[in-house]
Amino acid sequence: MAGRFGRDELKARLRAASPAILPSLLASDFGNLQDEIHRVEEAGACALHLDVMDGHFVPNISIGIPIVEAVRRVTDLPLDIHLMIERPERYVEQFRAAGADAMTIHVEAVADPRPLLDKIRSMGALAGLSLNPPTPLSAIEASLPHSDLILVMSVMPGFGGQKFDASALEKLSTLRDRSDVDALLEVDGGINSETVGQCAEAGAELLVAGVAVFHTDDYAATIGQLQSKARARSAAPQL
Ligand code: DX5
Ligand code: ZN
């Protein structure tokens, strides 16, 4: 089953919902994954973030293609697939077929992201490009016109529950202030009630949160609180 949303439709939908909290399933209870997904769905999540790790690009192994396919079967929410893998070009077709609506590759993982971003777009998915905290914005400059989404990492990828790296804020505000950049701006890592507001203020439209959501009891209350803190500090027009 392919993704359920077309590119333009999904981009408009996510932008309309922004600033939005995207629960990262990495911090969920994998023993009760269907229940966890339904709980965040009922709590008002507008999309799910899935972290794919290969043990090479990052020193951890997590979700793979069969899990994306299983998640696709139990929810209608858009699936935002974060590919922390080497040679992502080998797998994007399979992830799309498994149900990915957005696929984000890392600039550090490929020599030139542009052909792969174009390929992701040609499959009808949102094409995302991510950069790690030490990577400067100049590394993604040439790829900006090929990207529907820019994922600014605020931790070194690989693990949940790490401390927020404030270097993400300047990257977000620089991208937000550029009139020639229309990509969705997403931030990932260490997002919690302390950091969500500054990220939204800097221009983050999609705010990924793992531990901050799944390590609480009341997902609706947590997502609601994070969302209202983000909205209070966001410059985006409010509906
Ligand atoms: C880290 C992943 C994140 C992770 C975030 O490599 O990309 O999506 O799940 O987890 P928290 O929100 O707990 O920092
Ligand atoms: Zn992620």
Handout entry: One residue from Arg96, Arg90 being more than 16 Å from ligand 2 (Cβ to nearest atom), within 17 Å of the chain's Cα centre (by Cα) and more than 18 Å from Ile140 (Cβ to Cβ)
Key = Arg96
Fill in the blank from the handout: Those residues of segment 19-68 which are under 23 Å from Ser130 (Cα atoms) and among the charged types (D, E, K, R) amount to Asp51, Asp54
Problem - Single residue of segment 1-29 satisfying the filter (more than 30 Å from Gly197 (Cβ to Cβ) and among the hydrophobic types (A, V, I, L, M, F, W, C)) that is surrounded by the fewest Cβ atoms within 10 Å (Cβ to Cβ) - result: Met1
Fill in the blank from the handout: Selection over segment 41-77 where residues are part of a loop (DSSP other than H, G, I, E, B), within 15 Å of ligand 2 (Cβ to nearest atom) and either small (Gly, Ala, Ser) or crowded, with 17+ Cβ neighbours inside 10 Å (or both) yields a count of 7
Handout entry: Looking only at segment 162-218, and only at residues there that are out of contact with any helix residue (DSSP H, G or I) (no Cβ under 6 Å at 6 or more places or on another chain) and at positive phi, the one that is nearest to ligand 2 (Cβ to nearest atom)
Key = Gly189
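Give the residues of segment 115-139 that are in a helix (DSSP H, G or I), touching a Lys or Arg at 6+ places or on another chain (Cβ under 9 Å) and closer than 17 Å to Met84 by Cβ, sorted by residue number.
So in segment 115-139, the residues in a helix (DSSP H, G or I) come out as 115-122, 137-139.
Checking which are touching a Lys or Arg at 6+ places or on another chain (Cβ under 9 Å) leaves us with 120-121, 137.
Once the filter is applied, which keeps residues that are in a helix (DSSP H, G or I), touching a Lys or Arg at 6+ places or on another chain (Cβ under 9 Å) and closer than 17 Å to Met84 by Cβ, segment 115-139 yields only Ile120.
Working carefully through the options Ala12, Ala43, Ala17, find the one that is in contact with a Cys (Cβ under 8 Å, 6 or more places away or on another chain), modelled with pLDDT of 95 or more, more than 17 Å from Ile81 (Cβ to Cβ) and away from ligand 1 (no atom under 14 Å from the Cβ).
Values: Ala12 fails: in contact with a Cys (Cβ under 8 Å, 6 or more places away or on another chain); Ala43 fails: in contact with a Cys (Cβ under 8 Å, 6 or more places away or on another chain).
Criteria check complete, one pass: Ala17.
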Problem - Given (1) closer than 26 Å to Ile21 by Cβ; (2) in a loop (DSSP other than H, G, I, E, B), number of the condition Phe95 does not satisfy - result: (2)
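Per-residue answers, yes or no, for (1) within 24 Å of Gly210 (Cα to Cα); (2) touching a strand residue (DSSP E or B) at 6+ places or on another chain (Cβ under 6 Å):
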| site | (1), (2) |
| --- | --- |
| Leu79 | yes, yes |
| Leu83 | yes, yes |
| Arg96 | yes, no |
| Val107 | yes, yes |
| Leu137 | no, no |
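The values are calculated or read from the model by the stated rules, or taken from the named source; none is laboratory data. Note that the structure is predicted; figures quoted are calculated from it, not measured. Backbone-built Cβ (ideal geometry, glycine too); neighbour counts: all protein chains shown.
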